[in-house]
Amino acid sequence: MTYQIHITSEAEGDLQAIYEYIAFELLSFQNAATQLSRLRKEIYSLSEMPERYHRYEQEPWCSRGVRRFTVGNFCVFYFPNRETRTVEVLRVLYAGRDVDRIMAEHNF
């Protein structure tokens, strides 16, 4: 069964920031495009079997069913909803950051 993917505005902002950092700070436009493409490909693969990744272990996210997976150096946080057959991508964060603190600051 296929799920529909919804990327929140915060996650879209994260993807844009990742692209801009790699392209403009690291001056690697091709790498930025490749990384963004790789992230989007993995995100959209959640349309099939979105529960294949473990729940994010921090509360309150774990009890809410938020899951996490990595793509290279980036963590993707998302919520699969069986009833509506949707996946909501909440954030895409660089793994070197304090992702637990960043997630704690948001109330999804």
Query raised in the report: In segment 21-44, what residues are free of Cβ contacts under 8 Å to residues at least 12 places away in the same chain and in a helix (DSSP H, G or I)?
Result: TYR21, ALA23, PHE24, GLU25, PHE29, GLN30, ASN31, THR34, SER37, LYS41
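Yes/no matrix, rows are residues, columns are (1) surrounded by 15 or more Cβ atoms within 10 Å (Cβ to Cβ); (2) more than 17 Å from THR2 (Cβ to Cβ); (3) touching a Pro at 6+ places or on another chain (Cβ under 8 Å):
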{"position": "GLY13", "(1), (2), (3)": "no, yes, no"}
{"position": "GLN30", "(1), (2), (3)": "no, yes, no"}
{"position": "LEU36", "(1), (2), (3)": "yes, yes, no"}
{"position": "LYS41", "(1), (2), (3)": "no, no, no"}
{"position": "GLU48", "(1), (2), (3)": "no, no, no"}
{"position": "ARG64", "(1), (2), (3)": "no, yes, no"}
{"position": "LEU90", "(1), (2), (3)": "yes, yes, no"}
{"position": "VAL99", "(1), (2), (3)": "yes, yes, no"}
{"position": "ALA104", "(1), (2), (3)": "no, yes, no"}
Report summary line: All conditions in (1) at pLDDT below 95; (2) among the basic types (Lys, Arg); (3) under 14 Å from ALA11 (Cα atoms) are true of ARG64 except (3)
Requested in this report: Please determine, by comparing only the residues of segment 50-62 that are exposed (fewer than 13 other Cβ atoms within 10 Å of the Cβ) and acidic (Asp, Glu), which one is farthest from the chain's Cα centre (by Cα).
Outcome: GLU59
**Report entry** Residue list for segment 77-98, filter: of a type outside the set (Phe, Trp, Tyr) and either closer than 14 Å to ALA11 by Cβ or assigned to a strand (DSSP E or B) (or both)
**Finding:** PRO80, ASN81, THR86, VAL87, GLU88, VAL89, LEU90, ARG91, VAL92, LEU93
Query raised in the report: Are any of the residues in segment 56-75 hydrophobic (A, V, I, L, M, F, W, C) and part of a helix (DSSP H, G or I)?
Result: yes
Requested in this report: Go through segment 69-87 and count every residue that is under 15 Å from ILE5 (Cα atoms) and surrounded by 15 or more Cβ atoms within 10 Å (Cβ to Cβ).
Outcome: 7
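The values are calculated or read from the model by the stated rules, or taken from the named source; none is laboratory data. Worth saying up front: this structure is predicted, and the values here are computed from it rather than measured. Using ideal geometry, Cβ is built from the backbone for each residue, glycine included, and neighbour counts are taken over all protein chains shown.
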